[in-house]
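What follows is a short report on a single structure.
The values are calculated or read from the model by the stated rules, or taken from the named source; none is laboratory data. Just so we're clear, the structure is a prediction, and the values are computed from it rather than from any experiment. Here the Cβ is made from the backbone with ideal geometry for all residues, glycine too, and neighbour counts use every protein chain on show. SASA here: full protein model, heavy atoms, side chains in, ligands and nucleic acids out. Shrake-Rupley method; radii C 1.70, N 1.55, O 1.52, S 1.80 Å.
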Amino acid sequence: MPGEASRARTAAATAAATKAGADLRGEVLLTLAQLRLATPRQLKELLLPHQQDTDHVRRALRNLLAESPALVGRTHRAQQSYWYCTPAGLAEAAASGELAPRAGQATGKRAASKTGLRQHGLALVDTVIAFHQAEMADHADWQVEVAHPTPAGNLVPDGVVLLADGSSAFVEIDRTMSYARLVAKLERYDAYRNAPPSGRGNAARAPRSHWQETYAGPSMDRPFPPVLFVFAPAPRRRPRPPGKRPSASAPSASTA
């Protein structure tokens, strides 16, 4: 009967939409756990690039926010919302087994609430989107701020990406970095590359340094990962008129 066929199609469409919604919910949660924070537009670009609007992503975010306890949080600034995982959200993402072992260890709440940190984090997500659109790397193949040991202290890249060809790259987002800070950062990479082997090795294999264990591959056929700098300058503050002193309540310049 036509009525039964129509009801069957409606039921099938509803079931498909429910499944799609559940899948998107999980993808949104995992993406926020990996990247710390993102806007609905950025999540749409990564997860639903062919959609014209952010309605599906916003619905998934609202559902995650309505959980008890909430799995995501948000910060509003200038009519824009910035979303991040809560500790409960990070725990659920980690329990899925789909996160890299060192990913999802910190919420993005602090980054979302501070202008400089927020803009720095959003610039990194825009970089992830650019790699994704160019098919150079999937958004799931990124790790943010993972510590790498060196004799001079930990090296903490802004991002580490596993590229489509199986090699890796370090990514640094430069918004307000001075020349001296840039040189110091490169020196820290040099210290990491030249750090002595940390393992004992065995009869079949010589000891390896941390970068060789992590990035060189089982046959040591991959070189030290390249360091990619993304220049995303911070907006300049409007200069004060000559002779005018800042008030006590004037905000200080933000850096990342």
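Just name the residue that is modelled with the highest pLDDT out of those in the range 154-177 that are of a type in the set (A, V, I, L, M), over 15 Å from A130 (Cα atoms) and open to solvent by 10 Å² or more (accessible area, probe 1.4 Å). Spell out the reasoning first.
Here is the first cut: in the range 154-177, the residues of a type in the set (A, V, I, L, M) are 155-156, 160-164, 169, 171, 173, 177.
So of that shortlist, the ones also over 15 Å from A130 (Cα atoms) come out as 155-156, 177.
Now restrict to residues that are open to solvent by 10 Å² or more (accessible area, probe 1.4 Å): 156, 177.
On the way: V156: 94, M177: 71.
If we take residues in the range 154-177 being of a type in the set (A, V, I, L, M), over 15 Å from A130 (Cα atoms) and open to solvent by 10 Å² or more (accessible area, probe 1.4 Å), then V156 is modelled with the highest pLDDT.
Does A38 satisfy the criteria of being at pLDDT 95 or above, over 30 Å from H148 (Cβ atoms) and either touching a Leu at 6+ places or on another chain (Cβ under 9 Å) or of a type in the set (F, W, Y) (or both)? Outline the logic, then answer.
Values: at pLDDT 95 or above: yes; over 30 Å from H148 (Cβ atoms): no; either touching a Leu at 6+ places or on another chain (Cβ under 9 Å) or of a type in the set (F, W, Y) (or both): yes.
So A38 does not fit the description; no.
Hey, any hits in the range 64-74 for a residue that's surrounded by fewer than 20 Cβ atoms within 10 Å (Cβ to Cβ) and in contact (Cβ under 8 Å) with a residue 40 or more places away in the chain?
Initial filter on the range 64-74 (surrounded by fewer than 20 Cβ atoms within 10 Å (Cβ to Cβ)): 65-70, 74.
From what's left, in contact (Cβ under 8 Å) with a residue 40 or more places away in the chain: none.
No, because not a single residue in the range 64-74 is surrounded by fewer than 20 Cβ atoms within 10 Å (Cβ to Cβ) and in contact (Cβ under 8 Å) with a residue 40 or more places away in the chain.
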_Extreme residue, farthest from T214 (Cα to Cα), among residues of the range 81-130 that are small (G, A, S), touching a strand residue (DSSP E or B) at 6+ places or on another chain (Cβ under 8 Å) and assigned to a helix (DSSP H, G or I)_ = S113
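If the requirement is being over 23 Å from the mean Cα position of the chain (by Cα) and surrounded by 15 or more Cβ atoms within 10 Å (Cβ to Cβ), which of these qualifies: Q212, Q143? Spell out how you get there, then give the answer.
Working: Q143 fails: over 23 Å from the mean Cα position of the chain (by Cα).
The conditions single out Q212.
A quick yes/no check of all residues on (1) buried (at least 19 other Cβ atoms within 10 Å of the Cβ); (2) in contact with a Phe, Trp or Tyr (Cβ under 7 Å, 6 or more places away or on another chain); (3) among the hydroxyl-bearing types (S, T, Y):
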| residue | (1), (2), (3) |
| --- | --- |
| C85 | yes, no, no |
| A95 | no, no, no |
| R110 | no, no, no |
| Q119 | yes, no, no |
| L124 | yes, no, no |
| T127 | yes, no, yes |
